[in-house]
Amino acid sequence: KNMPSAQAAYVVGGMGIHWTCATPRLNSILERWDCIPESEWDELYRRAEALFMTNTNVFATSLRGAVIKKNLQELLQDRIDSNYPVQQLPVSGYRRLDNPDLVWWGGPSDILGPLLDVNQDVSQRFQIIPNLLAQKIIHKAGRVEYVEFQSLDPWEKIEIYASNVVVAGGAIMTPQLLWNSDIFRGEESPLGHYLNDQPLAFTQVVLSKKIIKEIQSLEDYDERMANSHPAEEIPIPINDPDPTLWIPVQDERPWHCQIHKDAFNYGELADNIDDRLVVDFRWFTMVEPTFENCVTFSSEIQDIRGMPQPTFHYVVPEENAKVAHMMMDDMVECALSVGGFLPSSPPQFMPAGASLHYAGTYRMGTQNDNKCVVDPYSKVWGFDNLYLGGPGVFPTATAANPTLTAGAMAIRSARKIVA
């Protein structure tokens, strides 16, 4: 009904095959769930960052990034907390050793690592089976017995048995599978409710002549330009890493800011525009979770996979909408401090769902009070062997990218399963 840009990935690896690779930590006061101790959060984050190969030096040598960072820091110096300055955005990946101009972006294969090597003994305990559609969880007396799948090749029904079952299909398809399995189903059930999206403001900025001159005045500019073609007319090194900056969420600015380049279609440039001159601005803010914001499922209409058709009911509460407009004003001011708007990409609110950061639809809680679906270790209430993964477990409003935090919470859950 009203989340026109909602998307899902029907592939092995899930959203890990298409993501920004941004891995910031959530703000400990404004975004994180306070029922997990701060010391434990820190340890979980460090483990998740290791798995995601998180670092802040992939784009640290960007000349454009250095100048944009300096200008934004000067603009906002009296408005941002010194603990949350303009800084490098943590990303999953690293500069390749064989060609430092190229970046190896992190993904599911990096996390799985040796599990993917069929020659390793460990792989005998691990198997990826493609072309299977999970359709129903068969359970009895609070225990999953098996999961029904539709195999695409060959076309046949398959049953898979396991001691423990983890469903990690994202914030839309996970509740879809549970609903189809008659788990937490009912009008008062929290399943599918507390759907959380992040209002997203976006624009593309053409760097100003002032910024270009400041780039040319940097100490190592001449050395870096030596690698460009002699006939180069644009005074920016051809191999200058993209600006990749971050302004974290903070008290007086409850929005997450990213200045970078991305692969989303709405940011594509015409062939006759040199992308060294253009930078993307993405500002995300929070929406307080409400029961009314939800995805519901039809018992009569099926989607292309033969599963209950999802329908979105999503409205940004008035107070959050006011903050979103303050965020837009902030983005416009920041953008104009480094350039002008690309005519084809003026400041705009993207349609609901464009963030791809959906959360909350099977949220976590400390007690089975019909306001949450899983316990603090991601185990479904009333079950002893069913766990859920992904941002759907988030019980709080967030503005930053959810992947690292979802990973941290999955690590906590996995340790509980093993124990």
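For the chain, report the accessible area per residue in Å² (1.4 Å probe, heavy atoms, rounded to an integer). Numbers along the way, then the final one.
Numbers: 20460 Å² over 419 residues.
Per residue, the chain has an accessible area of 49 Å².
Restricting the calculation to Cα atoms, region 148-305 yields a radius of gyration followed by a Dmax of 24.6, 69 Å.
Of all chymotrypsin sites (Phe, Trp or Tyr not before Pro) in region 142-222, which ones are in loop regions per DSSP and have a Cβ with at most 16 other Cβ atoms within 10 Å? Mind showing how you got there, number by number?
Values: sites: 146, 149, 155, 161, 179, 184, 194, 202, 221; in loops: 161, 184, 194.
Those that pass, being in a loop and sparsely packed, are 161.
Computed from point charges on the beta carbon alone (+1 for Lys and Arg, -1 for Asp and Glu), the dipole magnitude for region 323-386 about its Cα centre is near 200 Debye. Annotation: lysines with alpha-carbon distance below 18 angstrom to residue 261 (same-chain offsets under eight excluded): 69.
Note on region 31-136: with charges restricted to the Cβ of Lys and Arg (+1) and Asp and Glu (-1), its dipole about the Cα centre is near 400 debye. Values of log10 I(q)/I(0) for region 5-160 across q = 0.09, 0.14 Å⁻¹ run -0.51, -1.05, by the Debye formula with one identical scatterer at each alpha carbon and no solvent.
Charge dipole (Cα centre; +1 on Lys/Arg Cβ, -1 on Asp/Glu Cβ; no other charges) of the chain amounts to roughly 660 debye. Shape descriptor for region 83-168: Rg over Rh equals 1.15 (Cα atoms; Rh from the Kirkwood inverse mean 1/r).
When only Cα pairs below 8 angstrom with a gap of at least 6 residues are kept, the chain shows a relative contact order of 25 percent. Distance from the alpha carbon centroid of region 273-299 to that of region 59-98 works out to 22 angstrom. Just report the Cα centroid separation between region 12-42 and region 144-189, whole Å. If we compute the Cα centre of each part, the gap is 25 Å. So, in Å, what gap is there between the alpha-carbon centers of region 219-243 and region 309-340? Comparing the Cα centres of region 219-243 and region 309-340, I get a distance of 35 Å. Loop exposure criterion: GluC sites (Glu not before Pro), DSSP state outside H, G, I, E and B, at most 14 other Cβ atoms within 10 Å. Applied to the chain, the longest stretch between such sites is 1-186. Relative to the longest principal axis of the Cα atoms of the chain, the long axis of helix 38-51 makes an angle of roughly 80 degrees. Based on the convex hull around the alpha carbon atoms, the chain presents an average projected area of 23.0 nm².
Show 366, 174 ordered by accessible area, largest first, where the area counts protein heavy atoms only and the probe is 1.4 Å. Intermediate results must be reported in sequence, preceding the final value.
Working: 366 90, 174 0 Å².
Result, largest first: 366, 174.
Apolar share of the accessible surface for the chain: 51 percent from carbon plus sulfur atoms, 1.4 Å probe.
Provide 244, 403 ordered by accessible surface of protein heavy atoms (probe 1.4 Å), highest first. Mind dumping the intermediate values first?
On the way: 244 10, 403 45 Å².
Putting 244, 403 in descending order of accessible area: 403, 244.
Annotation note: trypsin sites (Lys or Arg not before Pro) in region 1-88 located in DSSP loop regions with a Cβ neighbour count of at most 12 within 10 Å are 1, 79. Would you mind classifying region 204-279 by shape? Square roots of the alpha carbon gyration tensor eigenvalues, ordered a ≥ b ≥ c; an a/c under 1.5 is rounded, otherwise it is prolate if a/b is larger than b/c and oblate if not. It comes out oblate by the Cα gyration axes.
Excluding residues fewer than 8 places away in the same chain, name every one of the aspartates and glutamates whose C-alpha is closer than 17 Å to that of residue 379. Cross-link targets: 145, 182, 369. Restricting the calculation to Cα atoms, region 1-79 yields a radius of gyration followed by a Dmax of 17.5, 46 Å. Residue ranking by accessible heavy-atom surface, 1.4 Å probe, largest first, among 117, 240, 153 comes out as 153, 117, 240.
The values are calculated or read from the model by the stated rules, or taken from the named source; none is laboratory data. Small disclaimer: the values here were computed from a predicted structure and weren't measured. Cβ atoms come from the backbone with ideal geometry, glycine included; neighbour counts cover every protein chain shown. Surface accessibility is based on the protein's heavy atoms, side chains included, excluding ligands, DNA and RNA. Shrake-Rupley method; radii C 1.70, N 1.55, O 1.52, S 1.80 Å.
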